[in-house]
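Engineer: Sending over a structure as structure tokens; questions will come in a sec.
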Amino acid sequence: MRIKDVKPQSFVAQLRCDRCGTEAQHNDGDGFNNFLQIEFDTSWGSELGDGNHVELDICHACLKQTLGPWLRIAQAPWARAGYVAGSPE
């Protein structure tokens, strides 16, 4: 016999761009669609320090302003296929 229960679990409800301060709510408008969340651990000898943990939340506008010349931008496969949210498959 399985006896189930529900327990609360934390989640990210809001993001704030670390560069410009723009905020997004997970359940409002586009949600987090226009944000990039970067998180990684550095290796030994890294310019960011040996074995450090790095996190960055940045909006797409700031990403384009800061790294634009180096971004390789192409249409995603799902967009080339003509997928539109809510359309029949």
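A short reminder: the numbers here are calculations on the coordinates, not readings from a lab. Just so you know, these numbers come straight off a predicted model, no measurement behind them. Using ideal geometry, Cβ is built from the backbone for each residue, glycine included, and neighbour counts are taken over all protein chains shown.
Engineer: For the chain, calculate the relative contact order in percent as a whole number, restricting contacts to Cα pairs under 8 Å that are 6 or more residues apart.
Structural biologist: After rounding, I find 20 percent.
Engineer: Here is a follow-up. Once the convex hull of the alpha carbons of the chain is built, what does its volume come to per residue, in cubic angstrom? Numbers along the way, then the final one.
Structural biologist: Details: hull volume 21.6 nm³, N = 89.
Cα convex hull per residue, to the nearest whole number: 243 Å³.
Engineer: Under a point-charge model restricted to the Cβ atoms of Lys and Arg (+1) and Asp and Glu (-1), what is the dipole moment magnitude of the chain relative to its Cα centre, in debye to the nearest 20? Write down the numbers at each step before the final one.
Structural biologist: Numbers: 8 positive and 12 negative charges, 72 e Å.
Roughly 340 debye, rounded to the nearest 20.
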